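Visitor: Attaching a single structure in structure tokens format; questions to follow.
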Amino acid sequence: MIQGLRTVIYPVTDLARGREWYSQVVGHAPYFDEPYYVGYSVGGFELGLIPDGTPGSQGSIAYWGVSDAEQEMARLVALDASVHEKVKDVGEGIKVGAVTDPFGNILGIIENPNFKIQDAR
């Protein structure tokens with residue numbers, strides 16, 4: 001079952017420029033900075049930048065926390081969603097995936113054992 005919002009990912013065409021801009025927006029440097037992902041902790045939630053994907057009004061994906069990404073993916077597909085992005089391990093025990101709902105919206109799911117609800121404001 002969906003537990004709550006965890007992460008929003010923004011694709012950028014220039015990761016260095018994105019890092020500079022979002023560091024100014026959130027008021028601090030990222031806590032995670034690699035060529036494939038830049039992550040900020042913002043009020044206990046994650047704002048992430050990826051160098052691939054398509055920026056624009058439909059470029060970001062909100063990721064909703066789940067306890068088991070594979071199980072939740074199967075449940076959503078059974079509810080008539082289609083797989084947009086298969087569940088994948090992105091490191092440190094974190095798994096993400098996304099579906100397209102029956103109305104054409106993208107719904108992301110994230111299994112993140114490192115998320116601590118007490119850090120959220």
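The values are calculated or read from the model by the stated rules, or taken from the named source; none is laboratory data. Bear in mind the structure is a predicted one, so any value in this text is a computation, not a measurement. As a convention, Cβ positions derive from the backbone with ideal geometry for all residues, glycine included, and neighbour counts pool all protein chains shown. To get the accessible areas, we keep the full protein, side chains included, count just its heavy atoms, and leave off ligands, DNA and RNA. Shrake-Rupley method; radii C 1.70, N 1.55, O 1.52, S 1.80 Å.
Visitor: What distance in nm separates the simple spin-label points at MET1 and ASP89, each placed 7 Å from Cα in the Cβ direction?
Guide: Reported label-point gap for MET1 and ASP89 is 2.8 nm.
Visitor: Still on this model: Which residues make up the longest stretch of the chain that has no chymotrypsin sites (Phe, Trp or Tyr not before Pro) in a DSSP loop with at most 15 other Cβ atoms within 10 Å?
Guide: Result, exposed sites excluded: 37-102.
Visitor: Same structure, new question: Read through the labelled values [x] 0.94; [y] 0.91; [z] 0.96 and report the label of the one computed as Rg/Rh (Cα atoms, Kirkwood Rh) from the structure.
Guide: After the calculation, the listed value that fits is [z].
Visitor: For LEU5, which sequence-distant residues (separation of 5 or more, or a different chain) have an amide H within less than 5 Å of its own amide H, given hydrogens modelled in the peptide plane?
Guide: GLY65
Visitor: Return a whole-number percent for the relative contact order of the chain, with Cα pairs under 8 Å and 6 or more residues apart as the contact set.
Guide: Over the chain, the number comes to 27 percent.
Visitor: Rounding to the nearest 10 and keeping the result within 0 to 90°, find how far the Cα-based axis of helix 69-78 lies from the longest principal axis of the chain.
Guide: For helix 69-78, the angle is close to 50 degrees.
Visitor: For the chain, what is the calculated [θ] at 222 nm in deg cm²/dmol (nearest 500), taking -39500 (n - 2.57) for each run of four or more DSSP H residues and dividing by its residue count?
Guide: Details: 2 runs with 22 residues, N = 121.
Taking each H run of at least 4 residues, the total per residue is -5500 deg cm²/dmol.
Visitor: For ILE94, what residues show an amide H to amide H distance below 5 Å, using hydrogens built from the backbone and excluding near sequence neighbours?
Guide: HN-HN under 5 Å from ILE94: empty list.
Visitor: A further question on this structure: Collect residues whose amide H, placed 1.01 Å from N in the peptide plane, falls under 5 Å from the amide H of VAL12; neighbours closer than 5 in sequence don't count.
Guide: Those lying under 5 Å, H to H, from VAL12 are ILE50, ASP52.
Visitor: Could you tell me which GluC sites (Glu not before Pro) in the stretch 45-108 are loop residues by DSSP with no more than 11 other beta carbons within 10 angstrom of their beta carbon?
Guide: Here the sparse-neighbourhood loop sites are GLU92.
Visitor: When DSSP assigns beta bridges and you keep just the ones with both residues in the chain, what percent turn out antiparallel, to the nearest 5? Write down the numbers at each step before the final one.
Guide: Details: 25 of 33 bridges.
Antiparallel bridges: around 75 percent, rounded to the nearest 5.
Visitor: With unit charges on the beta carbon (Lys/Arg positive, Asp/Glu negative), name the residue among TYR22, PRO102, PRO35 whose Cα is farthest towards the positive pole of the charge dipole of the chain.
Guide: Result: TYR22.
Visitor: Moving on. Which whole-number value in Å² is the accessible area per residue of the chain, probe 1.4 Å?
Guide: 61
Visitor: I've got another one for you. When the accessible area of the chain is computed with all protein chains present and a 1.4 Å probe, what percentage of it is carbon and sulfur? Kindly include the intermediate steps, with their values, before the conclusion.
Guide: Values: 3920 of 7420 Å².
So the carbon and sulfur contribution to the accessible surface is 53 percent.
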